[in-house]
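Presented below is the structure to which this report refers.
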Amino acid sequence: MDESSNQGLLGLPQEIQEKILSYLSFDEIANLRNVCCDMNKLGSQILNKGFIQVDKYHSQIQREVKVQLPRRESERRNHPLARHVDILAAIETRLSLLSMTYMKYVSMGVCCFIPGKVLDEIYRVIKDVRKNTNPPRSHEMLQELRDISSMAMEHFDEHVVPLLKESMQANESSTLNSTFPVNGLSVPSPKPLFQSTPPLNASYPRLSYSLSTDNSARSSVLKQITSVKQQLRSNSNSLLTLRKDVTDSRARQMRVIQEQKRRLTTQDRKITLQAQKISEQERIINDLSKKMVENDRKFEEILSKVPLLNGDKSHKEEAGPSSESGSNRKRKSNHVAAQSRPKRSCRIK
């Protein structure tokens, strides 16, 4: 029995291997990458293909749903497919975040799309949305997807990315050392820290070196490395500029927010003072209203007494001439009686 017959699954053609592994979930395929280097390479290719396929599948379902929606935005909210659209939009946002996190390093060929469980969950949610006519709300249906994808991205940024950067720097330094001979002998470059997995449909050039490279090949390689370094410097400078702009914009926004808060505090203080003044004015108005009511009552009492006073005055005026004429007549009669009496002489003894 020859050696190829003892290899089992790995001895089969790649198409048959992928067909066999297609019956497994992406999470199981991600776990199989720990078996050996060949299985790591095969599993990485399947995971990368899986991410591209799920992105295409999501775009297809999203187009099919949007075709059935009305053109008016006001009518879309009450449409039976409104929840479908919300869920698919949330999945699109999650796919964008995953792409920004992983695909940069996948395109460089230093890793693959690691979280296979995220792909399984995305497929499950999309199939449920397609089959269910009345799905639950987006935050309920996407809770598991948000949790596992967020944990995967955080773990990748905190633990995997630093190792990838160190490995890339080591590979770059080993590449530079392998191009220069020492004492007329070519020194081979050290092996990389891990076996990198090539991405799907990779179109970037891969540099291959041999021990008998001539000066022209060496100079062209050095030019390429110099151009790559210059591009990295320009990218780092642009990144620093963007960070500075973001920091400045945040500082400006914070200043504007603090100014707005100060103005709001001042306005609240003024509103409080105005409310106190208004309450004081209302109290004064109430007191004046009470005084006016009291004055109106007194004025009505006075007006009610005026006819009585007018009646007493007229009665006195009528009674006054009659009494005066009676006294005059009495006085005149007494004067006449005194004149008619005889005069008596009085002697002094």
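Numbers below:
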quantity	calculated
Nearest-0.05 FRET efficiency for Thr247 and Gln267, computed from C-beta distance (R0 41 Å)	0.85
Modelled FRET efficiency - R0 45 Å, Lys305 with Gln281, Cβ distances, 0.05 increments	0.80
Rg(Cα) / (2.2 N^0.38 Å) computed for region 1-106, rounded to two decimals	1.54
Calculated FRET efficiency for the pair Arg146/Gln68, C-beta based, R₀ 25 Å, to 0.05	0.40
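Laboratory data are not the source of any read-out in this text; all were calculated from the coordinates shown. Computed from a predicted structure; not experimentally measured. No Cβ is skipped: glycine too gets one built from the backbone with ideal geometry, and neighbour counts run over all protein chains shown.
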